[in-house]
1. Given charges of +1 on the Cβ of Lys and Arg and -1 on the Cβ of Asp and Glu, with all other atoms neutral, how large is the dipole of the chain about its Cα centre, in debye to the nearest 20?
2. What accessible area, in Å² to the nearest ten, does a 1.4 Å probe give for ASP109?
3. Could you list which residues have their amide H under 5 Å from that of VAL48, counting only those 5 or more apart in sequence or on another chain, with H placed in the peptide plane?
4. With every atom except the alpha carbons ignored, what do you get for Rg and Dmax of the stretch 21-121, in angstroms?
5. Need the full-extension length gain, ALA61 to PHE28, defined as separation in residues times 0.36 nm minus the C-alpha distance. One decimal, nm.
6. Give a residue-ordered list of calculated ³J(HN,Hα) values for the stretch 109-121 (Karplus: 6.51 cos²θ - 1.76 cosθ + 1.60, θ = phi - 60°; whole Hz; x for Gly, Pro).
7. Mind checking which of ALA92, TRP111, GLN39 is farthest towards the positive end of the stretch 20-117's charge dipole, using Cβ charges of +1 (Lys, Arg) and -1 (Asp, Glu) about the Cα centre?
8. Which ³J(HN,Hα) values in Hz, rounded to whole numbers, follow from the phi angles of the stretch 43-50 under the Karplus curve 6.51 cos²θ - 1.76 cosθ + 1.60, where θ = phi - 60° and Gly and Pro get x?
Amino acid sequence: QVQLVESGGGLVQPGGSLRLSCAASGLFFSFYAMSWYRQAPGKERELVATIASPSDSTNYADSVKGRFTISRDNAKSTVYLQMNSLNPEDTAVYYCNARGARSGTRGNDYWGQGTQVTVSS
């Protein structure tokens, strides 16, 4: 059974930082492209950042470029999102996503349960 468990969310003041983690189990982690999405109240879910497999190349939404960094540790089956210079517009539920990127995993698509990030003074 595949599980993606996010952690690290919380309340932070504008200008502050948080690091989100997503621990994966039940899948061959290194075969999956990993992404972070977010969904703010009343808005559609949007892609924040992706780290590919096997290249580890990264892509970011324009709104977070230069502030957020996605990384992965295949030995720990964990993906991270370092978020700096947070502003109230970053407030959302953040979701981890795993998408199969290699033979035998293509078509697989898994989601975590989400972690709340609130940026407020």
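1. Values: 11 positive and 9 negative charges, 44 e Å.
The calculated dipole for the chain is roughly 220 debye.
2. The accessible area comes out at roughly 70 Å².
3. TRP36, TYR37, ARG38
4. 13.5, 47
5. Extending this stretch completely gives an extra 9.2 nm.
6. With coefficients 6.51, -1.76 and 1.60, one gets 8, 10, 10, x, 8, x, 9, 7, 10, 10, 10, 7, 8 Hz.
7. Result: TRP111, furthest along the dipole toward the positive end.
8. Values per residue, Gly and Pro as x: 10, 6, 5, 10, 6, 9, 7, 9 Hz.
The values are calculated or read from the model by the stated rules, or taken from the named source; none is laboratory data. In this text, all values refer to a predicted model and were calculated from it rather than measured experimentally. For neighbour counting, all protein chains shown are included, and Cβ atoms are generated from backbone atoms with ideal geometry for every residue, glycine included. Keep in mind that these areas ignore ligands, DNA and RNA; they rest on the heavy atoms of the full protein, side chains included. Shrake-Rupley method; radii C 1.70, N 1.55, O 1.52, S 1.80 Å.
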